[in-house]
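The structure appears right after this line, and notes come after that.
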Amino acid sequence: DGLMPILRASEAGGADLARTSDLVTDSMSAMGVATSDLTHYLDVCTAAQSNSNTTLTGLLEAYVGCGGTLRNLNVPLEESAALLGTLANRGIKASEAGTSLNSILVNLVGANKSASAAMDTLGVSAWDDEGHFIGLSETLKILKGALEDCTEQEKSFFEAKIGGKTQMDTLQALISGVGDEYDDLYETLVNSNGALENTAKTMQDNLAGAMTTMKSALEALGIEFYDYLEEPAKDAVNAVTEAIRELTESVDKGKLGDSLANLSEKIADLIEKFAEFASEKGIDIVIEGLSDLIDLLSWMTDNLDTVTALVKGFGAAFLTVKVGQLIVDTAALVGTISALAAAAEAGSVAATAPGV
């Protein structure tokens, strides 16, 4: 269900499909994003890439690190993305930004005694009178206002207490950003519908982009092809392997004809599975090629006397090697079908087919 949005994300972010899908699914899990909300999630992340100094993959990395805490506090996606974009504008990005924001969140809600005491002294709380979280950006804005009334010495002291030894610079970056910069970015992210599709088209409107699109499409086709053929192909390959063993043993037992017929049938079954997949995808040129191969196997079955004589003349070992190569070539059809599918989309099947 999420494959097409993830494909668009790999194009919009300029990253390969495998890395993008890993980051999307990991961050979705951390954030509690449902598949039905995936397009909106990626729209917001893409808009943040276009309007701040982060990247789509960098933002997804950040969410892997802080998504759980954001989810538990019900921080809206647009709000967290705007804050992560603000951090990125100050050089704090990707997984570092996620870890840092997570630490600041923990301190702001009072989990750290030292930070909690400092906020109490400033009269700042992340909770309302009924115990509800007032919001991350709202808390930071109130804290910013309280620190403006402090001397430089007091301000540094409180920032060190609330940010902690390792995240004081992160807190300072957030406080400096929660003004017009944050508000403008937040407004942009709230109105980000369609950003993923539009950015993907813009990023792919060149040769490098076209190559990335083709690579992603081939990877997607390979996944679908594997799912479709995994079990029947495995069974067929095992059957062919057993038939080859029978073929080798049959020379001395006078049953070469029966073994050849069995082998031909098993290989034909495997090829027909490839043909079914190609037919579903409408790849006619592959279907024609596979039909020719099945016809050849049928001819072998119908002319076993001739084939048997050839085997006896050249030796069973020779045919065994050739059949083994046929199996390898058949396995290579996975790549062939994928290449032809991409060529068909690009309108260059005629040029590609002879080479294949």
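The values are calculated or read from the model by the stated rules, or taken from the named source; none is laboratory data. Remember, it's a predicted structure, so these values are computed and weren't measured experimentally. Note: ideal-geometry Cβ built from the backbone for every residue, glycine included; neighbour counts use all protein chains shown. Heavy atoms of the whole protein, side chains included, go into the accessibility calculation; ligands, DNA and RNA do not. Shrake-Rupley method; radii C 1.70, N 1.55, O 1.52, S 1.80 Å.
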Among residues other than Ser95 whose Cβ falls under 14 Å from its Cβ, what is the net charge (Lys/Arg +1, Asp/Glu -1)? -2
For Lys144, Lys161, the accessible-area ranking with a 1.4 Å probe, largest leading, is Lys161, Lys144
At 1.4 Å probe size, with no ligands or nucleic acids counted, give the accessible surface of Asp205 in Å², nearest ten. 130
Between rounded, prolate and oblate, where does segment 65-173 land on the alpha carbon gyration tensor, with a ≥ b ≥ c its root eigenvalues, rounded for a/c under 1.5, else prolate if a/b exceeds b/c? oblate
Would you kindly find the accessible area of Glu154, with a 1.4 Å probe and non-protein molecules such as ligands, DNA and RNA excluded, rounding to the nearest 10 Å²? 80
In Å², what does the accessible area per residue of segment 22-169 work out to with a 1.4 Å probe? 44
Could you work out what % of the accessible surface of segment 145-196 is carbon and sulfur, using a 1.4 angstrom probe and leaving DNA, RNA and ligands out of the count? 46
Here the net charge surrounding Pro5, from other residues whose Cβ is less than 12 Å away from its Cβ (Lys, Arg +1; Asp, Glu -1), is -4
Which part of segment 121-142 falls in the paramagnetic zone of Asp184, meaning amide N under 20 Å from the point 7 Å along Cα-to-beta-carbon? 137-138, 141
Kindly report, to the nearest 10 Å², the accessible surface of Ile162 as traced by a 1.4 Å probe over protein heavy atoms only. 0
Would you tally the net charge around Met168, using a Cβ to Cβ cut-off of less than 12 Å, leaving Met168 out, and scoring K and R as +1, D and E as -1? +1
What's the carbon and sulfur percent of segment 11-144's accessible surface, probe 1.4 angstrom, rounded to a whole number? 45
Linear extension gain, Arg19 paired with Thr121, 0.36 nm per residue minus alpha-carbon span: 32.2 nm
Cut-off 17 Å, label point 7 angstrom out along Cα-to-Cβ of Ser176: give me the residues of segment 46-80 whose amide nitrogen falls inside. 53-54
